[in-house]
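The values are calculated or read from the model by the stated rules, or taken from the named source; none is laboratory data. Keep in mind the model is a prediction, meaning the values are calculated, not measured. As a convention, Cβ positions derive from the backbone with ideal geometry for all residues, glycine included, and neighbour counts pool all protein chains shown.
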């Protein structure tokens, strides 16, 4: 979509997880429950009362320490989970690159897996076939392209995953701290491709710890602190504030 | 209207597409069909991927779904033909018609029970709804069943008199659809429960052992009389296999009571599974 307009809107969004991972029906809990009758409901607010809007073509960095809620925020945009309160509205096609190589089958080759992965990210049949060549060229796997991916090094797997991630065309591209892979040359290639995507006018939401990369790529940044939106503004300002806060810790 | 211009709203109560937030069941079904059709390509790729990946690194590959029921058939033909002689004509054919649907159900159910956990990445990190993983897993076993059914073909040479070609064969696809509906329902039930209680796999394995013997697979349905025969009507596997046997072995339409019972019980299982999934789809997304 080249025209302007809103593509993402969070209105008063909260996401609560029950921190207890096991159900209260477990036999051992029933037995334990006989001695301690009251049970504490342990809630974890991954996202609390977050509101913001994103225009088409914006490149937005999502900053925050581990566990602050960046991934949950992106999963909410992707629709992989629903909010506990509030409303997440998204317009257009979303390509959620929240992990590399989702759906990879170890016994299948690079083109087969790239096709599976792209399809799971919402790419249609004709488009996936067209993209395949570019993805494989980007991943640069040499003689390994036709070998089952179980024989790949982790770097090669990541490159293949990245090849797909960098070529799925969508109105809104979500990227969750997956850039920290590959050698220096490959990272530069990814960065160049991200710049290209930005210049094509795609909307990018980009969770990262690489502040330099955020500064370079993004026009705006959201700082998430303990699930709440601490700061929202021009990328350079937010990164400065975030960096200062990190140094003071 | 293209998807590019439509707003999707995620709310605590589910997804609303555009302004369509009518709370009726009809609107909900329409949204489901819309969502499923926009994920149809992902479903196809996932299904074929599962199917191909299963056989990729095997020496005999696709011969396995054919060999498995055949080996069981040979063992049982010896046991029930020589050790405990039975009076059923063309017993190996009779057995295969029960074993092939049985293999589908048992494999789809055991494999499907853990599908949310095995494919957690798809559920947690993509926009593909979790039920696509269920449908794809069951469908990959439908493809297996197609190959397993081919293993019946050589039996035509040995027992030509057992096979009856008739118009009733046209009903066979309906029976297969009901069988798949049953498989989907059972997998939805066990897969959702398995997200919270990881012991469901054991329950399914035990249930399959019981179900194998209470279902007329190695013995004919008519062997049971009175109450147990009526109880058989509640077992969708029993009535579905009976339908297949009547259609193929007798070249006749299955009795309406049997076909009706098969349809009602299979669809009841599917609807229960779908309702359980609908109630707990949020738990599935957050707890896998």
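Just need a number here: residues in segment A:47-79 that are at the interface with chain B (Cβ under 7 Å from one of its Cβ atoms), touching a helix residue (DSSP H, G or I) at 6+ places or on another chain (Cβ under 9 Å) and assigned to a loop (DSSP other than H, G, I, E, B).
Residues in segment A:47-79 being at the interface with chain B (Cβ under 7 Å from one of its Cβ atoms), touching a helix residue (DSSP H, G or I) at 6+ places or on another chain (Cβ under 9 Å) and assigned to a loop (DSSP other than H, G, I, E, B): 0 in total.
For (1) in contact (Cβ under 8 Å) with a residue 40 or more places away in the chain; (2) buried (at least 16 other Cβ atoms within 10 Å of the Cβ); (3) in contact with a helix residue (DSSP H, G or I) (Cβ under 8 Å, 6 or more places away or on another chain), each residue gets a yes or a no:
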{"site": "A:131", "(1), (2), (3)": "no, yes, yes"}
{"site": "A:135", "(1), (2), (3)": "no, yes, yes"}
{"site": "A:141", "(1), (2), (3)": "no, yes, yes"}
{"site": "A:148", "(1), (2), (3)": "yes, yes, yes"}
{"site": "A:156", "(1), (2), (3)": "no, yes, yes"}
{"site": "A:167", "(1), (2), (3)": "yes, yes, yes"}
{"site": "A:170", "(1), (2), (3)": "yes, yes, no"}
{"site": "A:190", "(1), (2), (3)": "no, yes, yes"}
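Can you say whether residue A:102 is within 7 Å of chain B (Cβ to nearest Cβ) and either closer than 20 Å to residue B:52 by Cα or part of a helix (DSSP H, G or I) (or both), as far as the supplied structure shows?
So residue A:102 passes the test.
Going by the structure shown, is residue A:110 more than 30 Å from residue A:55 (Cβ to Cβ) and within 23 Å of the chain's Cα centre (by Cα)?
Yes; evaluated as a whole, the condition is true for this residue.
Pick out the one residue from B:65, B:69 that is touching a helix residue (DSSP H, G or I) at 6+ places or on another chain (Cβ under 7 Å) and at pLDDT 85 or above.
On the way: B:65 fails: at pLDDT 85 or above.
Among B:65, B:69, only B:69 is touching a helix residue (DSSP H, G or I) at 6+ places or on another chain (Cβ under 7 Å) and at pLDDT 85 or above.
Specify which of the listed residues (A:44, A:21, A:82) is in a loop (DSSP other than H, G, I, E, B), over 30 Å from residue A:124 (Cβ atoms) and either more than 8 Å from every other protein chain (Cβ to nearest Cβ) or modelled with pLDDT under 95 (or both). Before the answer, list the steps.
Details: A:44 fails: in a loop (DSSP other than H, G, I, E, B); A:82 fails: over 30 Å from residue A:124 (Cβ atoms).
It is A:21.
Given segment B:36-129, what helices (runs of 4 or more DSSP H) lie entirely inside it while holding 1 or more residues that are within 14 Å of another protein chain (Cβ to nearest Cβ)?
Numbers: elements: B:40-56, B:63-78, B:91-113, B:115-118, B:120-125.
Qualifying helices (runs of 4 or more DSSP H): B:40-56, B:115-118, B:120-125.
Which residue, of B:101, B:89, is surrounded by fewer than 12 Cβ atoms within 10 Å (Cβ to Cβ), in contact (Cβ under 8 Å) with a residue 24 or more places away in the chain and more than 30 Å from residue A:9 (Cβ to Cβ)?
Answer to the check: B:89.
Which members of segment A:91-107 meet the condition of being exposed (fewer than 15 other Cβ atoms within 10 Å of the Cβ) and under 21 Å from the mean Cα position of the chain (by Cα)?
Selection gives nothing.
Which count do you get for residues in segment B:257-288 that are part of a helix (DSSP H, G or I) and within 14 Å of chain A (Cβ to nearest Cβ)?
10
State whether the residues of segment B:2-23 include one that is part of a helix (DSSP H, G or I), surrounded by 13 or more Cβ atoms within 10 Å (Cβ to Cβ) and either within 14 Å of another protein chain (Cβ to nearest Cβ) or out of contact with any strand residue (DSSP E or B) (no Cβ under 7 Å at 6 or more places or on another chain) (or both). Let's see the steps before the verdict.
From segment B:2-23, those part of a helix (DSSP H, G or I) are B:3-5; that's our starting set.
If we keep only those that are surrounded by 13 or more Cβ atoms within 10 Å (Cβ to Cβ) too, we end up with B:3.
Within this subset, residues satisfying the condition of being either within 14 Å of another protein chain (Cβ to nearest Cβ) or out of contact with any strand residue (DSSP E or B) (no Cβ under 7 Å at 6 or more places or on another chain) (or both) are B:3.
Looking for residues that are part of a helix (DSSP H, G or I), surrounded by 13 or more Cβ atoms within 10 Å (Cβ to Cβ) and either within 14 Å of another protein chain (Cβ to nearest Cβ) or out of contact with any strand residue (DSSP E or B) (no Cβ under 7 Å at 6 or more places or on another chain) (or both), one finds at least one in segment B:2-23, hence yes.
So residue B:198 passes all but one of these: (1) within 30 Å of residue B:252 (Cβ to Cβ); (2) at pLDDT below 90. Which condition number does it fail?
It fails just one condition, (1).
Applying the selection to segment B:182-210, what residues are within 15 Å of residue B:235 (Cβ to Cβ) and in contact (Cβ under 8 Å) with a residue 40 or more places away in the chain?
Quick first cut of segment B:182-210, residues within 15 Å of residue B:235 (Cβ to Cβ) only: B:182-183, B:185-186, B:207-210.
Within segment B:182-210, B:182, B:183, B:185, B:186, B:208 meet the criteria.
Quick check on my filter: what residues within segment A:196-216 are within 16 Å of residue A:70 (Cβ to Cβ) and surrounded by 22 or more Cβ atoms within 10 Å (Cβ to Cβ)? First the steps, then the outcome.
Step one: filter segment A:196-216 for residues within 16 Å of residue A:70 (Cβ to Cβ), giving A:204-211, A:213-214.
Of everything in segment A:196-216, those that are within 16 Å of residue A:70 (Cβ to Cβ) and surrounded by 22 or more Cβ atoms within 10 Å (Cβ to Cβ) turn out to be A:205, A:206, A:207, A:208, A:214.
Against the conditions (1) surrounded by 19 or more Cβ atoms within 10 Å (Cβ to Cβ); (2) without any contact (Cβ under 8 Å) to a residue 12 or more places away in the chain, where does residue B:256 fall short? Just the number, please.
Going through (1) surrounded by 19 or more Cβ atoms within 10 Å (Cβ to Cβ); (2) without any contact (Cβ under 8 Å) to a residue 12 or more places away in the chain one by one, residue B:256 breaks only (1).
Name the pairs whose Cβ atoms lie under 9 Å apart, with the first residue in segment B:8-37 and in contact (Cβ under 8 Å) with a residue 60 or more places away in the chain, the second in a strand (DSSP E or B), and 6 or more positions between them or separate chains?
As it stands, the answer is B:35/B:15; B:35/B:17, since those pairs meet every condition given.
Which members of segment A:125-146 meet the condition of being closer than 15 Å to residue A:161 by Cα and assigned to a helix (DSSP H, G or I)?
Residues satisfying the conditions are A:128, A:131, A:132, A:133, A:134, A:135, A:136, A:137, A:138, A:139, A:144, A:145.
Which of the residues spanning segment A:107-122 are within 8 Å of chain B (Cβ to nearest Cβ) and in a loop (DSSP other than H, G, I, E, B)?
A:107, A:108, A:121, A:122
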